[in-house]
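Asker: One structure, pasted below without further comment.
Derivation of every value follows stated rules applied to the coordinates shown; laboratory data play no part. In this text, all values refer to a predicted model and were calculated from it rather than measured experimentally. Don't worry about glycine lacking a Cβ; one is built from the backbone with ideal geometry, like all the others, and counts go over all protein chains shown.
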Ligand SMILES: *Cc1c(COP(=O)(O)O)cnc(C)c1O
């Protein structure tokens, strides 16, 4: 009996990987033990953010770090900081942006549903370029109007502006560049490349490659910008006379107050990052072994074709499963979800009739269960 049974909630097989709707990845005992230790002692969250941020910045080689409740929250807080800097009166205004530059530029090819994170803070996104191409002059022209920041999302193909070029053009007019690195960091070398290219603020997920708490993330980057995040994020039940920056008046609760990070998440993420750095990718091995079992079983069945590759973002090996008798992929998905233990697979390539198995969340026995489930559904459909 697991903790969900008496709630009437069915455990699933997660072949998608670090998906938030499936609860993300399991945490290593080391991580939840750190969370348990964190919960035992009250601390001031501002002190903890400062201490953990300094340690995370040191470990990751970034100028500064701040723990958020995810990469989405990191993007929202980054947008807020770009609009207000550390000015308490401006912090108090958001998400109302009258009189505050609140335009954010993004290359059209790099748009993504997570763009909503910028809008939550009061930012407004404007596309630059076309679906597969951007010219430098288009970014320069768009920057002629008051602009709060440029959003950059790595990993898209096309004749796009590279991050270094975007930073060079934006910095000429004093505009910061925010990078959505939720899928590309770790590895930590990728973070180094983003910083070297000139990124001002970098949003990273704590629950994806780092395998930290699912409700954790990081905002990394320039010291003065990262320090200003606290104003938007932290609980502001403070009296003006005793606030640490008195006689300056503190702002009230900011737009990030609903995205709070507990001490358990902060300490848990730190433990996960330390563990990751001690042996990058080691925690992926058990799931990859399950993936191999699934691949061997599926390869033996003539109704499916399997193809091995690496996830383009997360770097882990994955297998793509295509149905040779052209079983309708939506029917297969519905069949898998209707099983007593529902199976979730990646659907990014469903338009070409392919489902993808990611190993990161697979538990012992899941490789066999996954393959058997797929073949059972095919038995019913064909
Ligand atoms: C997952 C993801 C996010 C959000 O990350 P969370 O840590 O779940 O908030 C943002 N942007 C991209 C591109 C992502 O893939």
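Asker: Which order do 373, 309 fall in if you start with the one that has the fewest other Cβ atoms within 10 Å?
Answerer: Least crowded to most crowded, the residues run 309, 373.
Asker: I need 322, 39 ordered by Cβ neighbour count within 10 Å, fewest first.
Answerer: Least to most surrounded, the residues fall as 39, 322.
Asker: Let me ask something additional. What angle do you read, to the nearest 10 degrees and between 0 and 90, between the alpha-carbon axis of helix 366-381 and the longest principal axis of the chain?
Answerer: Roughly 60 degrees, rounded to the nearest 10.
Asker: Only helical DSSP H runs with n ≥ 4 go in: add -39500 (n - 2.57) per run for the chain, normalise by residue count and round the 222 nm mean residue ellipticity to 500 deg cm²/dmol.
Answerer: -11500 deg cm²/dmol
Asker: Packing-wise, with mean Cβ within 10 Å as the measure, how do 339-349, 236-246, 103-113 rank, highest first?
Answerer: Per-residue Cβ counts within 10 Å, averaged per peptide and sorted highest first, yield 103-113, 339-349, 236-246.
Asker: On to the next question. When the chain is modelled as a GNM with alpha-carbon springs shorter than 10 Å, which of 180, 330, 127 fluctuates the most?
Answerer: 330
Asker: Where a ≥ b ≥ c are the square roots of the eigenvalues of the C-alpha gyration tensor, would you call region 185-272 rounded, which needs a/c under 1.5, or, failing that, prolate if a/b is larger than b/c, or oblate?
Answerer: oblate
Asker: Let me ask something else. Once you've got the GNM for the chain with C-alpha springs shorter than 10 Å, pick whichever of 86, 181, 73 has the biggest mean-square fluctuation.
Answerer: 86
Asker: Specify the residue with the greatest mean-square fluctuation among 29, 95, 359, computed from a Gaussian network of the chain linking alpha-carbon atoms under 10 Å apart.
Answerer: Taking springs between Cα atoms under 10 Å, the residue moving most is 29.
Asker: Shape call for region 223-382 from the C-alpha gyration tensor, a ≥ b ≥ c root eigenvalues: rounded (a/c under 1.5), prolate (a/b greater than b/c) or oblate?
Answerer: Prolate shape, in that a/c is at least 1.5 and a/b is the bigger ratio.
Asker: Which angle from 0 to 90°, rounded to the nearest 10, does the C-alpha axis of helix 223-233 make with the longest principal axis of the chain?
Answerer: 80 degrees
Asker: Now for a separate question. First check a/c for region 55-139, with a ≥ b ≥ c the square roots of the eigenvalues of its C-alpha gyration tensor; if it is under 1.5, answer rounded, and if not, answer prolate when a/b is larger than b/c or oblate otherwise.
Answerer: Judged from the Cα gyration tensor, region 55-139 comes out oblate (a/c at least 1.5, b/c at or above a/b).
Asker: May I ask for the distance between the Cα centers of region 5-56 and region 347-382, given as a whole number of Å?
Answerer: 27 Å
Asker: Taking 0.36 nm per intervening residue step and subtracting the Cα-Cα distance, what contour gain separates residue 140 from residue 243 on full extension?
Answerer: Roughly 32.9 nm would be gained on extension.
Asker: Now for a separate question. List 276, 130, 152 from most exposed to least, where exposure is judged by having the fewest other Cβ atoms within 10 Å.
Answerer: Least crowded to most crowded, the residues run 130, 276, 152.
Asker: Share of antiparallel DSSP beta bridges in region 101-236, in percent to the nearest 5?
Answerer: 30 percent
Asker: Relative to the longest principal Cα axis of the chain, at what angle does helix 188-197 sit, 0 to 90 degrees, rounded to 10?
Answerer: Value to nearest ten degrees: 40.
Asker: How high is the relative contact order of the chain, in percent, counting Cα pairs under 8 Å that sit 6 or more residues apart?
Answerer: 22 percent
Asker: Would you mind pulling out the separation of the Cα centroids of region 57-120 and region 195-248, in Å?
Answerer: Here the answer is 10 Å between Cα centres.
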